[in-house]
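S.K.: Next up is a structure, given as structure tokens.
Each value in this text was obtained by applying a stated rule to the coordinates, not by laboratory testing. Quick caveat: nothing in here was measured; it's all calculated off a predicted structure. In this analysis, Cβ positions are derived from the backbone assuming ideal geometry, glycine residues included, and neighbour counts consider all displayed protein chains.
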Amino acid sequence: MKMSMNNGQRKEMSCNWLLVGKTHFCEKSARDQYCASHAFKIRKGVIIPQPCKGCGRGTKSRVQLCVQCGQGKERAYIYYKKKNMRGNE
């Protein structure tokens with residue numbers, strides 16, 4: 001396992017995967033940036049959770065908002081905006 005060195009002391013690195021719906025990261029130990037299970041998911045093409053712009057909870061939404069912060073409204077706004085742009089052509 002890869003460890004970071006800090007003044008001669010070994011320090012385990014924790015996984016950098018933001019948990020969906022939570023404001024904290026996975027607590028498993030990691031070799032690089034992610035633990036083994038999350039590194040496997042990334043290789044398979046899973047979307048990496050990003051923090052919500054409103055509250056900081058993990059979300060997989062393209063608009064980067066969780067449901068509580070208005071993800072549905074924002075997605076509807078974008079959908080109708082695109083729909084109206086196509087209708088005016």
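S.K.: So if we plug the beta-carbon distance of Asp32 and Gln68 into 1/(1 + (r/R0)^6) with R0 = 30 Å, what FRET efficiency do we get, rounded to 0.05?
M.R.: 0.40
S.K.: Set the bar at 29 Å for Cα to Cα. Now go through Lys28/Lys73; Lys22/Lys82; Lys60/Lys82; Lys53/Lys82 and name every pair that lies beyond it.
M.R.: Table pairs above 29 Å Cα-Cα are Lys28/Lys73; Lys22/Lys82.
S.K.: With a cut-off of 15 Å, note down the residues of the stretch 40-65 whose backbone N falls inside the zone around a label point 7 Å from the Cα of Met13 toward its beta carbon.
M.R.: Under cut-off, by backbone N: 40.
S.K.: Only Lys, Arg, Asp and Glu count, each charged at its Cβ (+1, +1, -1, -1), so figure out the dipole size of the stretch 49-89 about its Cα centre, rounded to 20 debye.
M.R.: That gives the stretch 49-89 a dipole magnitude of about 60 debye.
S.K.: Something else about it: Of Phe40, Phe25, how do they rank once you tally other Cβ atoms within 10 Å and put the fewest first?
M.R.: By the 10 Å Cβ count, ascending: Phe40, Phe25.
S.K.: Another question about this same structure. Indicate the gyration tensor shape class of the stretch 49-89 (rounded, prolate or oblate), computed on the Cα atoms with a ≥ b ≥ c the square roots of the eigenvalues: a/c under 1.5 is rounded; otherwise a/b larger than b/c is prolate and the rest oblate.
M.R.: Prolate is the answer for the stretch 49-89, as a/c is 1.5 or above and a/b outweighs b/c.
S.K.: Exposure proxy check: Met13, Met85 ranked by fewest other beta carbons within 10 Å?
M.R.: Fewest-to-most ranking of Met13, Met85: Met85, Met13.
S.K.: Could you list the trypsin sites (Lys or Arg not before Pro) in the stretch 8-89 that lie in coil according to DSSP, counting only those with at most 11 other Cβ atoms within 10 Å of their Cβ?
M.R.: Within the stretch 8-89, the qualifying trypsin sites (Lys or Arg not before Pro) (loop, at most 11 other Cβ atoms within 10 Å) are Lys44.
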